[in-house]
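Here the structure comes first, spelled out in structure tokens, and everything after it is commentary.
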Amino acid sequence: MAKKKKIFVKFVLVISLLAVLACFGIYSYFSWKIEQRFSGRLWSIPSYVFSDSLLVFAGQKISIKTLCTMLRNRLYMKVSTEPERPGEFLVEGNKVKVWFRNFDFPGRSISGGKVIFEFSSGILKNLRKDGKNLIYWEMEPIELARYYGKDKESRILISIKKTPKYLKDAVIAIEDRRFYEHKGVDLIGVLRALWVDIKARRIVQGGSTITQQLVKNYFLRPERTIKRKIQEAIIAVILESKYTKDQILEMYLNEIYMGQRGAIAIHGMGEAARYYFGKNVEDLSLAEAALLAGMIKAPNYYNPLLHPKRAKIRRNTVLKAMADMHMISPDELTKASRAPIRVFSGFRPLKRAPYFVDAVFEQLKQLYDPETLEKEGLVVYTTLNPEIEHNAEVSLRTLLQHFEKIKPFLRAKSPKVALQGVIIAVQPKTGAVRALVGGRDYSVSMYNRALFAKRQPGSAIKPFIYYAAIHEGWTPVSWLDDEPIAVTIGKKVWKPKNYDHRFRGRVMLRDALEKSLNVPTVRLAMAIGIDKIISVMKKFGFQSVIKPYPSIALGAFEIRPFELISAYTVFANEGQRTYLLTIKEVYDSKGHLEKQKHMEWQKVITPEEAYLITSLLEGVVKEGTARNLKNLGISFPCAGKTGTTSDYRDSWFVGYTTDMATLVWVGFDNNRSTKLSGASGAMKIWAHFMKSIKPWINPQPFYPPQNIVYKTICKDSGALATDLCPRTRKEAFIKGTEPTHLCPIHSRGNYDEVWTH
Amino acid sequence: MMKSGHIKSLWILAPILISISSCGPYISLPPYSPPPSTPPYRTETAPAKKNVPELTSPKSTNKSVIANQPSQSIPVSKTPQHLASLELVKKARDFALSGKIDTAIEYLERAIELDSYNGDAFYEMARCWEIKGDHDKALAFIDRSIRIFQGRPNQLRKSYLFKAAILRASGKEEEAKKILDLANSLKGALK
């Protein structure tokens, strides 16, 4: 008997030991699994791409309508009563009252607050915050796009400290009311759920705690088996032993699935608050918090954008549960239950400024591997001005449609072969790319013509030929031959002609450029030397291969639009080439600076040479091929050049003010003729666009540098004018190159000589 | 790495140090003779000259010559953009003082975008880049401020002095002396 007892004791001891070992093994295994999972990145977060922030200042010419559009683009909701929370605005007579939310993303922090904008006659007269007048207000950047991975999850991480108590309470009340009492698994909760399910004879309530739900989403497959349930319970208990309740709740609030945005899954309360209400999580009202908490059960079924009635019923259920647990007062319950469902329903494309964003992605891919971009939540701040970009897209679309309307032959059989266009707008002093539109419709063609299309620039290249001439000593009053010329290239004879097929005998350099005459330009280029012209092009940063033919003087070679606008910035920035920037800063998800780019200049030509070219190009706008700009409503100082290629395949206009250089190209991808010259096509788009962005630019006169002298010259002789000269003009010269002789044609006593010329 | 305290003291002391240095050993140097004003450009070359009519000495006197326009100095803008731009420069200075040079540069870039002729923005930009140790960039920006400040002796002198300091720091003593002399030549015109 004693022996049997001994054996039994031994057996129990061994079993107990094995049980302890098994428990220890299970604990160690799952602990290791948890640690392994949590030691790495908790979530895959896409990289965010933001626009630049925007300054709005007193005295700016913007209307109430424009401001409202800007606010809607930044997910602000218009309300009919005084804004109660950040993210709302009210239009009241000539005032707009906005409660700006805080912008708090890694690397940038812009404080919010209540700001009152006062308007008068289309001008923002005054900005006030807390009773004080402001000189300017910085508006938060717009999210342009995200760089998603294969799982296509979107998520904005929140911290439990910033999460409003309403939201935490609402989630606990509806999902796990004994969250702060149980240790991962709630037996009472399971029994209660079981009882409810038996009574209803169907599954009405689940017994899973918040910790179990987190474990299910985070560690296990979504299968309904007993084995998985046991694993879920074990891991939940271990998780509770390792992390605090607040840490678990924070993970849950960031992990939970909250619906779909097309192919993109919305995860976490931060993203959900942004998507459904256009708000930061800390700015949610009680009703909004309850609505989000209610959605956890079935996010798409209770989606307030699609099913507001269902969402309201569910929200009120959550509110009632909160009141039952004394988390809110009866008054709060009544008020919040009566609140209408107000969600942000404005236009929210997955990708704004798509061609620009593609260009940014391309650059990012050269800096980071795809996994980092898809998962590590980099934050990229760009130079894009969303308002300027929007106007560029509208101008291009509107004017191309207009051209097709007035010239039916421009209409294409399919959108894929439709008339295309490009707009690139850059700040010539800082190099910031403010807008980049690489095609007419991104949904039809993602091909970014601004960066990749190789097109002939035509006469838009001429300013660089004339720069070479100025550098070699020609002046605006130098005479150029405008007589027939034949150039033999190999076995072919090339006979360039002017656009009007006329020859003027001789013309002044200024007139030749202003009127975009081909023959004098070819003669000039040949006199300078084609090799020199090519080296000038290289100096301006052209990277395309340019073969040494005389026809390069007329732009008969291929370049990319981005190269051309980059080269023009040299003239617009007084001889300094500005490196064009799309990315300003990149931060990691913790706010550490990864990359930063500042404005950078490289001296290419002297300020005097740049000024002379600008002066000639101002002449193009005032007197030359672009003189119609004033009829198109352009009254501010600007300089520019038209460009048209053989058979009207390309229509160009590149123009600049002191603070904005803009290139427009129009053409067909298949090189079909557009029958549009630079002036009748691209220039009209340029004018439409530049007028529309007037509130965002500040064009000033082009002031001459110190070594520029102005002389009044006779238009007939190019020499210093006398009071007998009937046609004169003031002309700019680099000091030392100005004419020193008086007009020989109109001087007293020289009339006989005049007729001998 | 330079600590922010050092940057702050450099920032405050820089103009004082420059002013002191401007009265230093250079005063005893022979007066600076400016370089010939004519830039190294050739006058018209053969192909162009060929077409220019032969110029004869006219009998008419200078009386008949229309007066030449003097080189324009850049007026101070009074636009709302200019005011906002100045405010940004102020903010940039505060950031620079607290050692946040990159943030200061960002604000200055914005100031320049709002007003391309804000000489103060370029001046401060030069100071920021000098603190960052990039003399070339500092020179590019101080040159632009000098161009904008023509006709405004107080600001112009300040820019010249800073340019001289940059040149000295980059080891270009001779050029620095010339610029310093230019700065000193403006003393009489100070308001």
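The values are calculated or read from the model by the stated rules, or taken from the named source; none is laboratory data. Bear in mind the structure is a predicted one, so any value in this text is a computation, not a measurement. Every residue, glycine as well, gets a Cβ built from its backbone with ideal geometry; the counts of neighbours run over all protein chains shown. Heads up: the accessible areas ignore ligands, DNA and RNA and are worked out on the full protein's heavy atoms, side chains in. Shrake-Rupley method; radii C 1.70, N 1.55, O 1.52, S 1.80 Å.
Okay, here's what the table says:
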item: Over segment A:59-134, equivalent-ellipsoid semi-axes from the Cα gyration tensor in Å; result: 20, 14, 13
item: Summed side-chain charge close to A:Gly575 - residues other than A:Gly575 whose Cβ falls under 14 Å, Lys, Arg +1, Asp, Glu -1; result: +2
item: Cα centroid separation, segment A:639-715 to segment A:333-382 (Å); result: 34 Å
item: Peptides ranked, highest mean first, by Cβ atoms within 10 Å: ranges A:336-349, A:23-36, A:155-168, A:415-428; result: A:415-428, A:155-168, A:336-349, A:23-36
item: Cβ-based net charge around A:Lys715, under 10 Å, with every Lys or Arg adding one and every Asp or Glu removing one; result: 0
item: With DNA, RNA and ligands ignored, accessible area of A:His598 (1.4 Å probe; Å², nearest 10); result: 20 Å²
item: Averaged over B:131-141, number of beta-carbon atoms from partner chains that fall within 10 Å; result: 2
item: Segment A:456-558, relative contact order [Cα under 8 Å, separation at least 6], %; result: 39 percent
item: Nearest-0.05 FRET efficiency for A:Gln602 and A:Glu35, computed from C-beta distance (R0 60 Å); result: 0.70
item: Two-site FRET efficiency, A:Lys150 against A:Asn94, from Cβ-Cβ distance with R₀ of 60 Å, rounded to 0.05; result: 0.75
item: Peptide ranges A:499-507, A:64-72 listed from the most packed, as the mean C-beta count within 10 angstrom indicates; result: A:64-72, A:499-507
item: Gain on full stretching of the segment that runs from A:Glu594 to A:Tyr549 - 0.36 nm per residue minus C-alpha separation; result: 11.6 nm
item: Number of partner chain Cβ atoms within 10 Å, mean per residue of A:268-280; result: 0
item: Residues in segment B:126-163 reached by a label modelled at B:Val76 [backbone nitrogen below 19 Å; 7 Å Cα→Cβ]; result: B:145-160
item: Gain upon complete extension [A:Lys61, A:Asp441; 0.36 nm per residue less C-alpha separation]; result: 133.8 nm
item: MRE, 222 nm, helices only [DSSP H, n ≥ 4, -39500 (n - 2.57), over the protein assembly as shown, to nearest 500]; result: -13000 deg cm²/dmol
item: Sequence of A:Asp650, B:Asp143 from largest to smallest accessible area, 1.4 Å probe; result: B:Asp143, A:Asp650
item: Compactness relative to 2.2 N^0.38 Å, alpha carbon Rg of the protein assembly as shown; result: 1.19
item: Förster-model FRET efficiency, 56 Å R0, B:Lys132 and A:Ile15, C-beta, rounded to 0.05; result: 0.15
item: Protection-proxy order for peptides B:99-105, A:527-533, each taking the mean of Cβ atoms within 10 Å per residue, highest first; result: B:99-105, A:527-533
item: Potential extension, A:Phe8-A:Ile123 segment - 0.36 nm per residue separation minus Cα distance; result: 31.9 nm
item: For segment A:635-757: Kirkwood Rh in Å [reciprocal of mean 1/r, alpha carbons]; result: 17.8 Å
item: Residues in segment A:424-457 that a label on A:Glu404 would reach, taking backbone N under 20 Å of a point 7 Å out along Cα→Cβ; result: A:437-450
item: Simple label model, 7 Å out from Cα along Cβ direction - A:Thr69 to A:Asn217, nm; result: 3.8 nm
item: Residue-normalised accessible area of chain A, expressed per residue, 1.4 Å probe, Å²; result: 43 Å²
item: Residue mean of other protein chain beta carbons inside 10 Å, A:728-736; result: 3
